[in-house]
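The values are calculated or read from the model by the stated rules, or taken from the named source; none is laboratory data. Since this is a predicted model, take the numbers as computed values, not measurements. Because the Cβ atoms are built from the backbone with ideal geometry, glycine has one as well, and the counts that use them run over all protein chains shown. Keep in mind that these areas ignore ligands, DNA and RNA; they rest on the heavy atoms of the full protein, side chains included. Shrake-Rupley method; radii C 1.70, N 1.55, O 1.52, S 1.80 Å.
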Amino acid sequence: PIISAQIIVNLTNSLFKQMIIMVVVLFLISNIKNFLQYMQTYYDINFYWNSYSKMQKKVNSELLKLSNDSLDKNNTGVFVERLTYDTGRVTGFLNVLTENIPDILSGIGILVAVLIIDKVSFIVILTTIILRTIVENKRATKVSCKDKEYRKKKEKNTALISEITHGIRDIKMLNCEENFLNEMTRRIKDIKNTNYNKQDTDRKYLFLRNFL
């Protein structure tokens, strides 16, 4: 960004020789950046699967250490969600974080370039960034609360599916198929509404953040 700003300054000042040098430098930097991003993608994939494998192994080993009382106090759905959904979610978050590092550095470079060119514009942009950060923080807090509620209901539904799978013969023998189907329909509807609530909150805050 700083070099791009310098090119504009040279162009407006009719310093064509300096401008050409800056263009060549910018071209080289852009190609180096593209190559580094290419390499980063390769390492990101390896990082994701290595982290995921290690996390799965760690969670499984900790699960085997649980006492029988702990196993009895929690339904099957809790353990299924922890082993599958949570490990993938945490690993995905770490992967996104590493992917966004170049964008963060680029954003800092843009801020520095704006500060060099026009201090008033820098203050306006910085104020906007602060406001967006406040909104984003509030969005993350609200969505996190609703996500916890959503996951709890999903865990209970997973436990019910597990019980149906293991006790399907008894269910048929007792002619309870309709009762289980009604309960499953009710839970799915409840999960859908909770998830919709979460997505709606997320959408509203994103709209406000993007408006800024």
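Out of I188, I164, I171, I need the residue that is at pLDDT 85 or above and touching a helix residue (DSSP H, G or I) at 6+ places or on another chain (Cβ under 8 Å). Which one?
I188
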Restricting the first residue to the stretch 119-137 and requiring it to be under 12 Å from L208 (Cα atoms) and in contact (Cβ under 8 Å) with a residue 40 or more places away in the chain, which pairs with a second residue that is basic (K, R) and open to solvent by less than 90 Å² (accessible area, probe 1.4 Å) meet a Cβ separation below 7 Å and a spacing of at least six or different chains?
-> R132/R209; V135/R209; E136/R209
Looking at the stretch 175-206, which of its residues are open to solvent by 100 Å² or more (accessible area, probe 1.4 Å) and within 19 Å of I161 (Cα to Cα)?
-> N175, E178, N179, L181, R186, K189, K192
Would you be able to say whether some residue in the stretch 69-76 is open to solvent by less than 60 Å² (accessible area, probe 1.4 Å), at pLDDT 65 or above and in a helix (DSSP H, G or I)?
-> yes
Only one residue in S121, S162 is among the hydroxyl-bearing types (S, T, Y) and exposed (fewer than 14 other Cβ atoms within 10 Å of the Cβ), so which one is that?
-> S121
